[in-house]
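One structure is given below, encoded as structure tokens.
The values are calculated or read from the model by the stated rules, or taken from the named source; none is laboratory data. Predicted model, so just to flag it, every value in this text is computed and none were measured. Heads up, the Cβs are rebuilt from the backbone with ideal geometry, glycines too, and the neighbour counts pull from every protein chain shown. For the accessible areas, the whole protein counts, side chains as well, though only heavy atoms, and no ligand, DNA or RNA atoms are used. Shrake-Rupley method; radii C 1.70, N 1.55, O 1.52, S 1.80 Å.
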Amino acid sequence: MNRPALRYRVSLTATIGLAVVWMLLWGELTPGAALFGVLVALLIQVAFPLPDVPELDSFHPIGFARLVLVTLGGLLVSSFQVAGQVLAFWRPTRNAIIRVPLRTDSPFITVITAELVSLVPGSVAVDAEDGALLVHVFDASSDAAIERARASVRGTEATVIRAFGTAEDRALLRGAPAAASADAAGGAAATEGEGR
């Protein structure tokens, strides 16, 4: 087995993350627990090398803080929107599965985007294929609602890129508007249904 050199197997981000998890598991935020957590984190990385994930090396704390705030805000707003639509029993709900082209082909960013899209009420990522996400949206009552859902998914991807994206991924954000409108024109709804 071809193992990477030690300096490539140990990541500062992974070390800190594993040490924090260790302290949380032990329920102690003491210097001793922190030191032991760092030792355990280093041992885990040396014994079980993590796969190369370039996005972990380009972690941006400010972008991550924004990602957390935007996700929490989205959870709050979407919960009220979905509750309002469910309580409006006299108005039938129309849903759809839409295809949303993504800017980046990074599997890591695609997975995080899909998880966050599914976490927020009113949408579920169904599949990822050919640089796009298939997303089930709860409110597809009009073309404008579908475009809002598509823009929301692309906004989530942009927030994830600002938190974890490499320099190449972040450059895609600056050149995205023209490509986004061209992609959106080709990403029509895959299926639609009416239900209650």
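Table for the structure above
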item: Selection from the stretch 124-142 of residues that are small (Gly, Ala, Ser), open to solvent by 30 Å² or more (accessible area, probe 1.4 Å) and either within 16 Å of residue 155 (Cβ to Cβ) or assigned to a loop (DSSP other than H, G, I, E, B) (or both); result: 131, 141, 142
item: Test set (1) among the polar types (S, T, N, Q); (2) at pLDDT 85 or above; (3) closer than 20 Å to residue 114 by Cβ - residue 45 fails condition number; result: (3)
item: Residue within the stretch 26-33 that is open to solvent by less than 70 Å² (accessible area, probe 1.4 Å), in a helix (DSSP H, G or I), at pLDDT below 80 and in contact with a helix residue (DSSP H, G or I) (Cβ under 7 Å, 6 or more places away or on another chain) present; result: no
item: Matching entry among 68, 100 (being under 23 Å from residue 164 (Cβ atoms), of a type in the set (A, V, I, L, M, F, W, C) and in contact with a Leu (Cβ under 6 Å, 6 or more places away or on another chain)); result: 100
item: Checking residue 45 against (1) out of contact with any Lys or Arg (no Cβ under 9 Å at 6 or more places or on another chain); (2) surrounded by 14 or more Cβ atoms within 10 Å (Cβ to Cβ), the condition it does not meet; result: (1)
item: Enumeration of residues in the stretch 104-123 that are within 21 Å of residue 68 (Cβ to Cβ) and open to solvent by 40 Å² or more (accessible area, probe 1.4 Å); result: 108, 111, 112, 115, 118, 119, 121
item: Selection count where residues are modelled with pLDDT of 70 or more and part of a helix (DSSP H, G or I), scope the stretch 146-196; result: 27
item: Condition check for residue 91: open to solvent by 60 Å² or more (accessible area, probe 1.4 Å) and touching a residue at least 60 places away in the same chain (Cβ under 8 Å); result: no
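So that you can scan it fast, the table gives a plain yes or no per residue for (1) at pLDDT below 80; (2) touching an Asp or Glu at 6+ places or on another chain (Cβ under 9 Å):
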position: 5; (1), (2): yes, no
position: 13; (1), (2): yes, yes
position: 24; (1), (2): no, no
position: 59; (1), (2): no, no
position: 73; (1), (2): no, no
position: 79; (1), (2): no, no
